[in-house]
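Here the structure is laid out as structure tokens; the discussion comes afterwards.
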Ligand code: ADP
Ligand code: MG
């Protein structure tokens, strides 16, 4: 039977020793349970101790055996010193009792319980329950004898139990010590754990604080980012506002520039007006010298003109000054705008950088938030584990360090961002200040523009009034000069004439070099004839006499006022009269290099029309070109070579002339006129006489109708400019013409004398003016007479060869001119000699 089986049997027997076995087990269990957490800790040693103590542990279990088996007893004794001493003590204590027993039972050999159990095979209960029964009559000696073995067994059992009890007591003490040791170790362990728990809790608290701080900083960061974003949007809005203001400034500048340009144009016009006024004034003055007696009333007017001129000049100077200061302001404004633009671009770049930084910070913040969340998660995990692992603590410490580093970095980033924000704020404040100053400048400029507009309106009014005065004065001057004027132009001796020996190239004309006829008078010397007639000197005076050296430019300068009259709404006729080769076509058309009256007049009309556009005048111009050949009208602008059409002339009650089927061309630029002239010249009838290689046998009439419309005042003007290159005036008999040529010459002579008659009748203010005597006078009827202006160029050849013809032309001219008002005319025929 083994120990375990014995143990299981013991509790049933109710032996106290069984309780030892039952106590021993919980101890071992508790030790085993305690051993788990201390495997690597200080308890590990105790576990080893417990392992060492294991043999002792086994000792309290019942060891069976008897002293009869010393080997076994020895083996047991060898297991530990305490067992030996225990056995010794048992022996010592059993001594007296054995002695007692010996005195009573005599020779009974002392056997151990182990020997008895091994020998008899009975257990403790068997011995204790043993009952002896004796048959009746059994002798008491027998009964005593029968009791002897039982007593022996009981004695052995008693000893055994005693020694067991003693051993158990020792074991119990030992166990108690061991237990105390274990419990103190457990207490130390508990305390240690408690300290560690507190440490962990403290660290947890720190981490929590850190986390809270982190969260706070995160919130702050978020708030700052939000603020940054708000400030960014505010800045963007401010920038947009600045951009808007800039655009406004730009628009204002453009408007100002435009108004300046308009103002400059008006100033130029005013200057032109002033110039014209000056010119008129000069003219007036020159006339005043000759008309002092009759023109005292005109003096007042002249003074008025002078005053108006001075006023206008003053205004022009003042406006000029304002324009200059405005130009300076404009230049400065432009510079400022450019600077502002640069700043705006720089601000945009800064904004982009700031935005990128913000994005970075945002990303970092998100990372930090993610880290914090992760740390939180880790914390939660750690909390769950309950500080089980010191490694986690270290990891946490590491995390803390990382977080602290991140925190430091973020703090730095925040500081940088704050600085940048401060910088951006400063930039915005500066931009705002700039915008404010710009706005102030704009307001100032606006005020200036307004005041200028006021003075401009004033000036415009004055200009308009000035223009009215000018027109009035212009007309007065024209009236004073005479509505019918005669200018004499003497062409130079041509190279061919000078070279031709047969040609009498000696000058037949002489011009006064001083006196009151300077520029107005000329003397023609007609050579005597073979019948003894002496040289004849004839002196003439006209409105102007142009000697051979006078350029086209100078000639036009003298008639430009008449062209201006056409633009003012008058009807104007300029004729070129003279024999073939005297320079009529040269004067009227001129050459490409030396343009004559027609191209120059066109140029002036276009230029003046453009200038008057600033005063809201709009002009519409139509041109026509015709020739009158043998009293028939031919359309020079018709595309067909000779359409053979009969062109009828009619006049309506308002004085508008219509020529049936005549080509009218709208002309808006001088180049168009040039083309028309070229086309007309090609078509013009050109004949050949032996007086001149190319002789014009027809009258050419260039007509330009000018319709003006003032969109502001509603005023309307309707002017007509007729420029007529008359056919050669040479006498028929001298031209040697016959047949068709004779017919031509007769028609020419008839129409020219009719023209002279009409002009004379008009000048004399006769009741009947014979307009119908020729096609030319009938055609020009509305443009001759009334308040219309007529100028006759007397073209004269300079040499003696043409002296007779020149004399005829000059006589024709002086007949017309003699009728003029107030101008003293001298038509002196100087006697021979
Ligand atoms: P008309 O038309 O009267 O017959 P032209 O105009 O054809 O005469 O002139 C005849 C010639 O004299 C032309 O060759 C022309 O160029 C020249 N001529 C006329 N007048 C001048 C002048 N003032 N200066 C220079 N050349 C002139
Ligand atoms: Mg000609």
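Coordinate-derived values only; no laboratory data. Remember, predicted model here, so these are calculated numbers, not experimental data. All Cβ positions, glycine included, derive from the backbone under ideal geometry; neighbour counts span all protein chains shown.
Evaluated over the Cα positions of the stretch 379-458, the convex hull gives a direction-averaged projected area, one quarter of its surface, of 8.6 nm². The value of relative contact order for the stretch 482-817, using C-alpha pairs under 8 Å at least six residues apart, is 30 percent. Using Cα centres only, tell me the gap between the stretch 241-280 and the stretch 506-522 in whole Å. Using only Cα atoms, the two centres lie 50 Å from each other. One Cα centroid belongs to the stretch 395-459, the other to the stretch 742-811; the line between them spans 85 Å. Each of 147, 511 has some number of other Cβ atoms within 10 Å of its Cβ, and from fewest to most they run 147, 511. For the stretch 482-817, report the % of Cα-Cα distances exceeding 31 Å. Counting pairs separated by more than 31 Å, the tail of P(r) holds 31 percent.
Measuring r between the beta carbons of residue 165 and residue 128 and using R0 = 22 Å, the FRET efficiency lands at 0.90.
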